[in-house]
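This report refers to the structure that appears directly beneath it.
The values are calculated or read from the model by the stated rules, or taken from the named source; none is laboratory data. Fair warning: this is a prediction, and the values are worked out from it, not measured in the lab. So basically every Cβ, Gly included, is an ideal-geometry build from the backbone, and we count neighbours across all protein chains shown. Quick note on the areas: whole protein, heavy atoms, side chains included, nothing else; ligands and nucleic acids left out. Shrake-Rupley method; radii C 1.70, N 1.55, O 1.52, S 1.80 Å.
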Amino acid sequence: MNTEANTYHCLIVDDEPIAIRVIRNHLSAFKNLHIVGECRTAMEAFDLLSRNRIDLILLDIQMPQVSGLDFLRNLDHPPKIIFVTAYREYAIEAFDLDVIDYLLKPVSLPRFSKAISRFFERMNPTSESVVMPNSTHSPESIFLKADKKIHKLRIEDILYVESMGDYVVAHTTDGKIVTKYRISQMEEILPSALFLRIHRSYIVSIAHIKSILPGQLEIGKTQLPIGRLYKDVLEKLVKTR
């Protein structure tokens, strides 16, 4: 946990009572985060922001009347933002607004803690807190353990990641690295603005997508299947490009 002396003021904006309760419980794990209020709509949040100092907003996207994205666009001097949403397809649009992180519901405490660590780093860049791998300031590289070594992989060199049970294969421009990670762990490590899950067994680099075909896409000369559950996400990604 972060041990900074500062107390940061937080606002939860979500129209789902259960989601608010989960976020509230997660925030309680951090002694220097104080919840100023809980709002069900963007309009309530506008009013509260005008009367209080807010350092961080935990913000939903799909809400009545005004979406979280539109709410953020209409703030002249927004506080730091962490989106907490059930919708993956808005991630690229969200990161274009310089948000701290983009969390998908249901959010585990470990994943939530990573986002809060990024917030602390933004608020106090000289602190000793660690910048987590998929920070909104996309890292240049990640580190993976394999073959009794720790391999440094440049993000731009990763083509795609393939699941093989309890292991994954990271396919890069220089070859392959097999490491004992589950693909769900890799999905958390890789920057969500730059990589996309297209199948239960594959995560691809958006920058390295060569073409999209019916039911599959090409990364270089390799064709990968698009899972039925991920088809809509990919189509919406294409529309935002």
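What to note about this one:
- Of the strands (runs of 3 or more DSSP E) contained entirely in segment 164-223, those carrying at least 2 residues that are surrounded by fewer than 21 Cβ atoms within 10 Å (Cβ to Cβ) fall at 167-172, 175-179, 209-213, 216-219.
- Tally of residues being more than 18 Å from Y8 (Cα to Cα) and touching a residue at least 12 places away in the same chain (Cβ under 8 Å) across segment 75-96: 13
- Test: residue in segment 129-146 that is open to solvent by 80 Å² or more (accessible area, probe 1.4 Å), assigned to a strand (DSSP E or B) and modelled with pLDDT under 90: yes
- The set of residues in segment 32-66 that are more than 23 Å from the chain's Cα centre (by Cα) and without any contact (Cβ under 8 Å) to a residue 40 or more places away in the chain comprises V36, G37, M43, E44, F46, D47, L48, L49, S50, R51, Q65.
- All positions within segment 173-200 that are among the aromatic types (F, W, Y) and modelled with pLDDT under 85: Y181
- Checking each residue in segment 169-186 for being of a type in the set (V, I, T) and closer than 16 Å to K149 by Cα picks out V169, I177, V178, T179.
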